[in-house]
Each structure stands twice: as structure tokens, then as C-alpha cells.
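The values are calculated or read from the model by the stated rules, or taken from the named source; none is laboratory data. Keep in mind the model is a prediction, meaning the values are calculated, not measured. Glycine gets a Cβ as well: all are built from the backbone with ideal geometry, and neighbour counts include every protein chain shown.
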Amino acid sequence: MKAVFLDRDGTLIEDRGYIASPDDAVFLPSAFLALRRLSKNNLLFMVTQQSGVARGILSMENVRRVNNYIERRLADAGIHIQHSYFCPHDTEDRCPCKKPSPFFLSDAAVRWGIDLADSYVIGDHPHDVEMAKAAGAHGIYVLSGHGRKHRAELQGEWTVANDIGEAADWVAALHCHGNQPALLDDAIQKSASAVKNGGVVVFPTETVYGVGADAFNEKAISRIYRMKGRPASNPLIVHEATAEKAFQLTTSRNGKAEILANHFWPGPLTLVLPAHHSVPPPVTAGLPTVAIRVPGHPVARAFIHAAGSPIAAPSANPSGFLSPVTALHAADFVYDAPDVIIDGGECRFGIESTVISLTNQVPLLLRHGALPLEAIRRLIGEVRVADPLRSAMQSPGMMRRHYAPKTPLHVIPAGLPLDDDLGLVGVLTIGGHTSRNDHERAELTRVLSGDRDMILAGLYNALHDLDSAGLDSIAVRLTGTASACPVLSDRIRRASYQVKEGCR
Ligand code: TXA
Ligand code: MG
């Protein structure tokens with residue numbers, strides 16, 4: 001059994017000093033998606049240092065109430081915390097449990113049969129990762145909370161992440177490499193060399209897997225188009241390791257671009273800006289603009305950094321079909337194989353980045369994606385939304401049929417029975433339960449529930465499952481608030497658009 005031990009303040013919730021009441025427990029934005037992903041193949045524990053108790057500032061009851069509140073909120077989102085440990089002591093108490101003592105980790109190992117060598121500690125203080133080391137586990141140091149401030153005190157080489165979301169990405173990628181950082185690093189270095197030699201690499205991002213090459217190598221870029229069977233008119237996103245480098249690919253970095261980059265990078269947002277003349281035409285499909293993004297996956301950034309050049313990369317799937325959210329999905333090219341695949345496990349967001357053009361006075365949303373439009377509007381005000389029927393001209397990737405499984409997909413309104421014409425049918429119910437009739441009629445059922453991010457994170461995985469099950473058709477039931485989610489309805493609509501209706 002594997003486990004992830006999570007520090008509380010500064011890692012899961014904002015570090016607000018001594019937290020006495022649940023009212024002061026504010027989750028960090030990336031916590032839910034990260035924990036949901038981690039909870040799929042790890043037991044989760046909270047391990048927190050609350051010396052406020054020893055100092056008479058907090059009571060044991062205060063700490064318990066806050067911990068219970070956190071556990072409850074997570075449970076509501078389908079995330080189970082196996083146990084919460086806390087040390088109420090101060091240094092003078094000479095207790096056995098104060099971090100970096102691995103006391104609680106050893107206790108959990110015995111009580112739940114956990115193999116600490118395959119387990120992780122995530123925390124924003126050097127004592128968190130030192131505790132991991134003392135237990136023979138792996139430590140990931142996050143820069144949220146007090147992480148940035150204490151970084152100078154960190155002794156030795158540690159895996160570092162911006163926040164718990166990125167820490168979860170490291171854990172997933174390391175799990176795929178026998179929990180050996182050296183093996184993951186080998187894969188990253190091998191990929192970087194491949195790119196330097198003009199090769200093509202499949203790599204994980206926090207959204208979906210990308211298939212990338214040196215953005216300045218036109219031959220390698222042409223190979224990506226061939227591999228995907230992608231129309232030459234559909235430009236690629238260029239990925240960079242830092243915002244500074246990404247903006248070097250553009251000629252103007254207007255105020256709104258700076259604000260969005262500061263706020264959301266690294267992360268699932270793509271900005272379309274006037275292209276620098278150095279960006280070769282195959283990347284931009286001859287347009288005067290370029291799409292840039294700094295991915296929020298630490299392995300993606302490590303790979304880009306090691307390659308030493310910007311990486312132009314579309315999603316790693318044959319053109320028009322479902323984006324890959326595991327390395328296995330990304331191995332599905334018909335025309336040519338990539339030189340290297342970096343396995344990073346399942347993608348955290350599981351849906352493509354949001355694409356916004358900043359080339360006009362009023363920003364224009366070209367593609368709904370992982371980052372909600374409201375989050376962008378809150379920062380920069382008015383944003384127009386490209387008309388999907390006309391957007392093929394504004395963003396050539398917005399073809400009507402896209403993001404589609406190979407199996408015909410139909411959206412069936414609630415209450416309408418599944419027609420016999422559907423043959424062997426699989427049902428994907430989004431935002432509710434599978435009805436008894438659907439259960440009886442379907443060969444295979446999948447359910448996606450929870451909030452927007454949780455549904456999106458499971459969408460492509462569920463569709464890939466259904467698509468590989470040898471069915472005649474896939475029926476999608478969109479229920480409740482899920483039907484009002486723009487990105488979800490956009491992807492489902494495109495996935496269900498039939499070629500015979502004349503879209504391509
Ligand atoms: O999350 C993502 O964005 C993933 C990962 C790998 O980064 N990438 C991705 O790439 O989804 P792709 O190629 O499947 O989609 C890129 C989208 C397309 O809709 C494309 O038309 C649009 O971005 N795009 C790229 N360059 C553009 C440009 N210069 N102007 C307008 N749209 C552009
Ligand atoms: Mg902390």
C-alpha cells in the first residue's frame with residue numbers, strides 16, 4: 001500500500017498562523033484536483049504541526065475541529081483522508097512526534113501496512129521533506145505557504161513544486177518510474193536529446209499529453225502534422241518553461257497578457273498574440289499570431305528547460321479525435337511513432353487549456369478549456385466568446401467535429417429511451433446516476449459526478465474507456481448543472497458531430 005502524507009497549513013490550506021476555527025480554513029486553489037488524483041492510488045494522511053497548543057494559543061479541540069472540517073469538505077468531493085495526525089508540542093516538550101521526526105509515518109506504516117519506500121510527503125517547510133527522508137519515503141517541497149521563504153534553509157537536493165497540484169504531478173510521474181527520480185530524469189534527458197536532434201516527443205502536461213518538437217525546427221514540426229494527420233491550416237501551441245521566454249516569441253506583451261500570465265502561468269491557459277518573425281510558418285500555420293503557454297506540469301517544464309528550445313506541441317492524438325490523458329492513449333498514432341514517450345500517469349485537469357486571443361481591443365475566447373472563462377473575466381473584464389460556427393476562421397482548430405471518439409457518440413435527452421438502432425451501446429451519465437433502464441440496456445456504463453473540475457478531469461478517460469470497448473455507439477446523458485457547463489457542452493457537441501453531416 002502506498003501513501004501520501006500531506007502537510008496542512010501552507011500545503012492544503014492557506015497558512016494563516018494559528019488556525020482556531022474552520023472559518024479560517026481556506027483551501028488552496030489546486031488542492032481538490034490534486035488530492036482527487038492522488039487518492040486514486042494512494043492512501044492519504046494529514047500530518048500537521050500545531051505547536052500553538054503547547055504555547056497556549058490553540059486548544060486540542062480547536063485543532064480537531066479544523067481537521068474534521070477539512071476532512072469533511074474533502075469527503076464531500078469524494079476524497080478520503082485515512083487519518084489526520086497532529087503534534088501539539090513545542091521543541092522544549094521533547095516529544096517523539098514533532099516534525100521532522102517520522103513518528104506518525106511509522107505509526108501509519110504499521111496500522112495500514114504502508115510501504116514507506118513507495119510513499120510521499122508533501123509540505124511547505126524543510127521539516128516536512130526531512131521527515132520523509134527520516135522515514136525512507138520521498139519528499140516533495142512546495143513553494144506555496146511559507147515554502148518560498150524557507151527554501152534557503154532546505155538542505156540537499158529535493159523535488160520542488162509550485163503547489164500541491166504540481167506536487168501531485170510529480171508523484172504520478174515518479175510512480176511511473178519506480179519512484180526513482182533518476183529514472184524520471186533519464187526519461188526527461190532522453191527526450192531533450194531527441195528534441196535537440198530534431199526528434200518528436202510525447203510528454204505529459206497538466207491538461208492533456210502533447211506531442212512536441214523544437215518550435216524552430218520546421219522539419220520536425222512538419223513531422224508532427226504528418227503523425228497527426230493534422231490539416232496544415234491548424235496552428236500549434238508553443239510551450240515554454242517561463243513566461244519571460246514565452247513572451248520572446250511575440251512582438252507585443254500588452255497589459256492584459258501580462259496580468260493573465262502573472263496570474264495563471266504556469267497553468268492551463270494559452271495566449272494568442274502577434275508572432276515574432278522568428279517563429280516559423282508551420283507553427284503558426286502562416287498566421288501573423290502565435291499561441292503560447294507555460295504548462296503547469298513540472299515534468300513538462302523540466303523537459304522544455306532541458307531541451308533548451310520552445311516546444312511546439314499539439315495534443316498527442318490523431319487529428320479530430322479524443323485528446324490523450326494517459327501515456328497509453330498517446331501511443332495511438334497511425335502514421336508514425338514518436339521518438340520518446342515520457343510517462344507521467346494520468347493528466348490532472350484532463351481537458352485542454354483555455355485559448356484566448358489578445359490581438360484585438362477586446363480579448364476573444366477561442367476555446368473553452370480547463371481554466372473557466374469567469375476566472376479570466378474577473379481579472380481583465382470584458383471577454384468576447386468566439387462564435388463556434390465562425391471560429392474556424394479565427395482559430396482553425398475549432399472545427400465542428402473534434403475531440404471525438406472513433407465510436408459514434410450521441411447525446412440522448414433525459415427520459416428518452418435508448419433506441420435499438422444504437423446497437424451495442426455504452427452509456428456515459430454526466431452529473432447524475434445511471435437510470436435503471438440504461439443499466440439494463442447498456443453493455444458498459446460510466447458515471448461522472450462532482451463539481452466542474454472533477455467531471456472534466458474524468459471526461460476523456462471515460463470516453464477513451466468506452467471507445468476501446470468495441471461498442472457500436474456511445475450514448476451521453478447530460479444532466480443537472482453539468483449541461484450548463486460551457487466547456488463540457490462544447491466538447492460533447494463536437495464529439496457527437498457526425499462526419500456524414502458534412503463538417504469536414
Ligand atoms: O492543453 C493544451 O492546450 C494541449 C497541451 C498539449 O498543451 N494542447 C492542445 O493543442 O490542445 P491543440 O493543437 O490540440 O490545440 C491548439 C488550439 C487549436 O484550437 C488551434 O487552432 C489554436 O490552439 N491555436 C494555435 N495557434 C493559434 C493561433 N495563432 N491563432 C488562433 N488559434 C490558435
Ligand atoms: Mg506547512
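In the range 116-136, what residues are more than 14 Å from ligand 2 (Cβ to nearest atom) and either at pLDDT below 95 or acidic (Asp, Glu) (or both)? Residue satisfying the conditions is Asp118 alone.
Residues in the range 319-334 that are surrounded by fewer than 24 Cβ atoms within 10 Å (Cβ to Cβ), among the aliphatic types (A, V, I, L, M) and either under 16 Å from the mean Cα position of the chain (by Cα) or modelled with pLDDT of 95 or more (or both): Ala327 alone. Restricting the first member to the range 36-56 and to residues that are closer than 14 Å to Ser119 by Cβ and in a loop (DSSP other than H, G, I, E, B), and the second to residues that are of a type outside the set (Phe, Trp, Tyr) and within 16 Å of ligand 1 (Cβ to nearest atom), no beta-carbon pair is closer than 7 Å while six or more apart or on different chains.
Being over 19 Å from the mean Cα position of the chain (by Cα), within 17 Å of Leu364 (Cβ to Cβ) and part of a loop (DSSP other than H, G, I, E, B) is the requirement here; does Leu273 meet it?
Criteria not met by Leu273.
Here are the criteria: (1) in contact with a Leu (Cβ under 8 Å, 6 or more places away or on another chain); (2) farther than 27 Å from Tyr18 by Cβ. Tell me which single one Asp169 does not satisfy. Every condition holds for Asp169 apart from (1). Here Gln155 fulfils each of the conditions (1) under 18 Å from Ser39 (Cβ atoms); (2) over 25 Å from the mean Cα position of the chain (by Cα) apart from (1).
Here's the yes/no breakdown for (1) modelled with pLDDT of 95 or more; (2) under 17 Å from Ser489 (Cβ atoms); (3) buried (at least 21 other Cβ atoms within 10 Å of the Cβ):
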position: Ile356; (1), (2), (3): yes, no, yes
position: Thr359; (1), (2), (3): yes, no, no
position: Val362; (1), (2), (3): yes, no, no
position: Ala370; (1), (2), (3): yes, yes, yes
position: Glu374; (1), (2), (3): yes, yes, no
position: Ile380; (1), (2), (3): yes, no, no
position: Leu389; (1), (2), (3): no, yes, no
position: Gln394; (1), (2), (3): no, no, no
position: Met398; (1), (2), (3): no, yes, yes
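Give the residue that is nearest to Gly145 (Cα to Cα), with candidates limited to residues of the range 1-19 that are small (Gly, Ala, Ser) and in a loop (DSSP other than H, G, I, E, B). The selected residue is Gly10. Taking the range 150-164, which residues are of a type in the set (Gly, Ala, Ser) and either surrounded by 21 or more Cβ atoms within 10 Å (Cβ to Cβ) or within 13 Å of ligand 2 (Cβ to nearest atom) (or both)? Across the range 150-164, the qualifying residue is only Ala161. Of all residue pairs spaced 6 or more apart or on separate chains, those with beta-carbon atoms under 7 Å, a first member in the range 221-245 that is outside any loop (DSSP other than H, G, I, E, B) and a second member that is surrounded by fewer than 20 Cβ atoms within 10 Å (Cβ to Cβ) and of a type in the set (S, T, N, Q) are Lys228/Ser319. Ala337 meets the stated requirement of being at pLDDT below 95 and surrounded by fewer than 22 Cβ atoms within 10 Å (Cβ to Cβ).
Across the range 401-433, the qualifying residues are those that are in contact with a Lys or Arg (Cβ under 8 Å, 6 or more places away or on another chain) and among the hydroxyl-bearing types (Ser, Thr, Tyr), and the one among them that is farthest from His464 (Cα to Cα) is Thr429.
Consider Ser315 carefully, then state whether it is of a type in the set (Ser, Thr, Tyr) and buried (at least 24 other Cβ atoms within 10 Å of the Cβ).
yes
Within the range 16-68, the set of residues being surrounded by fewer than 20 Cβ atoms within 10 Å (Cβ to Cβ) and among the charged types (D, E, K, R) comprises Arg16, Asp23, Asp24, Lys40, Arg55, Glu61, Arg64, Arg65. Gly147 fulfils the conditions (1) away from ligand 2 (no atom under 16 Å from the Cβ); (2) surrounded by 14 or more Cβ atoms within 10 Å (Cβ to Cβ); (3) within 22 Å of the chain's Cα centre (by Cα) except for a single criterion, (1).
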